[in-house]
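In what follows, a structure is listed as structure tokens, so that the remarks can point back to it.
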Amino acid sequence: MQIRTAVKTDAEGILAHCRRVLGETDFLMTETEEFKLTVEEEEEWIEQSLQSGDLILVVVLYTLPQQLII
């Protein structure tokens, strides 16, 4: 397992994870269909967050057999 600061190249994996989580239950305030962020928008948000220093973004990477989960 690896824990590190998020970077712009994590945007696609973060969005995929968010969409997967949003589809797991009906008890969240946002539904999968409402979640329309693009990779470019997520990259921009990550970059702004890193530059502002107001938010710490971390990702946890761990590998399952034949699969990388972000």
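Values in this text are rule-based calculations from the coordinates and carry no lab data. Owing to the predicted nature of the structure, the values given are computational and were not obtained by experimental measurement. Cβ: placed from backbone, ideal geometry, glycine included. Neighbour counts: every protein chain shown.
For segment 11-60, what are the residues that are hydrophobic (A, V, I, L, M, F, W, C) and in a helix (DSSP H, G or I)?
Ala11, Ile14, Leu15, Ala16, Cys18, Val21, Leu22, Val39, Trp45, Ile46, Leu50
Name the single residue, out of those in segment 1-30 being farther than 21 Å from Gln48 by Cβ and surrounded by 11 or more Cβ atoms within 10 Å (Cβ to Cβ), that is farthest from the chain's Cα centre (by Cα).
Ranking the candidates gives Leu28 first.
In segment 1-10, which residues are assigned to a helix (DSSP H, G or I) and among the hydroxyl-bearing types (Ser, Thr, Tyr)?
Selection gives Thr9 alone.
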